[in-house]
1. Which entry is the computed Rg and Dmax of the Cα atoms in Å for this structure: (i) 29.4, 100; (ii) 19.1, 54; (iii) 22.7, 71?
2. Taking the Cα centre as origin and putting +1 on Lys and Arg beta-carbons and -1 on Asp and Glu beta-carbons, what dipole magnitude results for the chain, to the nearest 20 debye?
3. Could the peptides 148-155, 48-55 be put in order, highest first, of the mean number of other beta-carbon atoms found within 10 Å of their residues?
4. Using the alpha-carbon centroid of each, what span in Å lies between region 149-195 and region 88-140?
5. Hey, could you pull the Cα Rg and Dmax for region 149-210, both in Å?
6. Among LEU280, GLY258, ALA297, which residue has its Cα furthest toward the positive end of the charge dipole of the chain, with +1 on Lys/Arg Cβ and -1 on Asp/Glu Cβ?
7. Please state the Cα pair-distance histogram of region 85-228 with 10 angstrom bins from zero: what percent is in each bin?
8. Can you tell me the orientation of helix 236-257 relative to the chain, as the angle in degrees between its alpha-carbon axis and the longest Cα principal axis, to the nearest 10?
Amino acid sequence: MSQKIFELHPLIFQYLRRISLQDRLPSAFLFYGPRGVGKFEFAIEFCRFLFCESYPQSPCEKCKTCRLIEKKQFPEVRAVDFQTIKKGSDKIIERAREIRREAAFQPVFFKKKVFILRNIEFLSPEAANALLKILEEPPPWCYFILTTDKFYSLLDTIISRCWKIYFPPVRREIGENFIREKYNVDKLFAREIYLLTEGRIFTAMEFMDDEHIKEQKDILKIFFSHSVPEVKRIERDSFRNILIFLIKFFKDVVLYKGGREEHYIFHPLKTQIATISSALSFQKIFDIIDAIFATAALWESINVRLAIVNLWEAIQCPDR
């Protein structure tokens with residue numbers, strides 16, 4: 001898997017490998033770019049490269065170190081996802097202070113220790129300041145890899161302490177091959193998923209696994225229910241992703257209604273697609289898509305609850 005991850009961003013790996021072999025690794029990296037392009041996955045695999053028993057012909061993926069890192073059990077590699085900690089709570093500040101304390105202790109088994117700090121845009125200013133001191137004056141054995149989808153939401157003091165590396169969307173041919181191998185799907189379906197995710201191929205799981213399929217079904221139930229309060233429960237942070245899902249879902253409805261069902265994306269939602277397709281005219285479907293696009297164009301500046309209710313009303317409006 002390591003080699004496959006590195007093939008997604010080959011130039012970045014070549015660069016990091018070169019400065020590692022030259023013993024010129026900076027103490028802190030900031031991996032930034034769109035969600036789902038593999039920043040965190042790359043960070044994990046780069047740690048396997050650094051600590052592998054076969055270094056620099058690494059990672060071998062077979063040695064004890066490689067296997068422990070993959071299982072997140074290797075003591076010198078710590079991964080923390082700040083998105084999983086309740087935003088605005090004292091737990092984020094305390095976790096940042098714990099990282100600062102842990103970094104001060106020398107590694108036990110190797111000469112270096114790596115902290116992978118995922119989704120650092122969720123750090124509060126107080127938590128960011130708690131980390132800042134260790135980023136400014138790190139121990140010689142300590143390295144940090146910070147990842148974020150929202151570069152411009154970070155504090156300038158954090159950004160300035162890190163060596164910044166941008167992760168772009170994965171190139172089409174590479175991304176399609178990765179999806180085919182990872183999810184065991186055919187070439188056509190891999191291409192559709194790649195286009196749907198716009199090169200953010202690790203978001204492909206949103207169209208594959210049971211948990212995300214259930215979420216998608218729940219979204220459809222909300223907008224096709226007769227209860228406005230249910231619609232109002234949607235939070236702003238997830239609103240944009242819901243709009244993207246609805247646009248692409250109704251594209252599938254159009255394809256199904258037009259007899260082009262072999263080209264649609266949401267295969268696990270075939271029952272819902274068929275039901276909605278038979279219940280609505282083409283004109284109604286296009287009216288709904290127009291309403292979704294109009295909402296998406298203004299989603300950052302409008303009242304989210306009002307926008308959601310208006311969109312719900314557009315979907316509930318009788319067919320012409």
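Read the figures in this text as sums done on the coordinates, not as results from a lab. Keep in mind it's a predicted model, so treat the numbers as computed, not measured. Note that we place each Cβ from the backbone using ideal geometry, even for glycine, and neighbour counts take in every protein chain shown.
1. (iii)
2. Rounded to the nearest 20 debye, it is 680 debye.
3. Sorting 148-155, 48-55 by mean packing, highest first, produces 48-55, 148-155.
4. Using only Cα atoms, the two centres lie 25 Å from each other.
5. When restricted to Cα atoms, region 149-210 yields Rg and Dmax of 15.3, 46 Å.
6. My answer, from the dipole projection, is ALA297.
7. Spelled out bin by bin, region 85-228 gives 10, 26, 24, 26, 12, 2, 0 percent.
8. Value to nearest ten degrees: 50.
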